Amino acid sequence: MPEFLQRASEAVRGVVPSRHRTSSESANGAAFGEPVSDAALIDIQRRRDQLNAKVAELQWDLGGLVYEMAIRDRIRVDVLVRRAAELQNADAELNEVERILRLEETATAGECASCGAPHSTGAAYCWQCGQPLMQEVHSDTIAAP
């Protein structure tokens, strides 16, 4: 995954490597569960627009390339596979950016570890499978001050 998407995905989920995070901060410096900053959101939206244009252009080019090869009766599968792989990578990145934006717009905080269903900030149980979303701590393991 490109570094840009990794950072954006972590910011939306409120996750950053422990060496960069205090106990209550997310990647963008906000408390866990707070929305991504407007500037980061605008960057993600701009990247989505760029990727939409790139995917459309790659689709157009691939279709034209297949047509030109077909009318000349000289199909080169290796060239088509390379172009299709480039299109597939751009499309996968676009899908990830759109997923990040959907998560931000719907204010979901993460996904259930059991079934992958999205959940909101503060949810204790998964709405789909009923599994607990937070780790249970038994009272006997908590030391008195």
Extension gain (nm, one decimal) between TYR125 and LEU62, 0.36 nm per residue minus Cα-Cα = 18.1 nm
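Once you have the Cα-Cα distance between ASP49 and ARG83, take 0.36 nm times their residue separation minus that, and quote the gain in nm to one decimal. Kindly include the intermediate steps, with their values, before the conclusion.
Details: separation 34, 0.36 × 34 = 12.24 nm, distance 2.07 nm.
Difference between extended and current length: 10.2 nm.
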Residues ALA92 and SER114, FRET efficiency given R0 of 25 Å [Cβ-Cβ distance, rounded to 0.05] = 0.50
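Please work out how much length the chain gains when fully extended from ARG74 to GLU105, using 0.36 nm per residue of separation minus the C-alpha to C-alpha distance, in nm with one decimal. Intermediate results must be reported in sequence, preceding the final value.
Values: separation 31, 0.36 × 31 = 11.16 nm, distance 4.74 nm.
Contour length minus Cα-Cα distance gives 6.4 nm.
Read-outs throughout are calculated quantities, based only on the coordinates presented, and are distinct from any laboratory measurement. What you see is a predicted model, and the numbers here were worked out from it, not measured in a lab. A quick note on method: Cβ atoms are made from the backbone with ideal geometry, for glycine too, and the neighbour counts reach across all protein chains shown.
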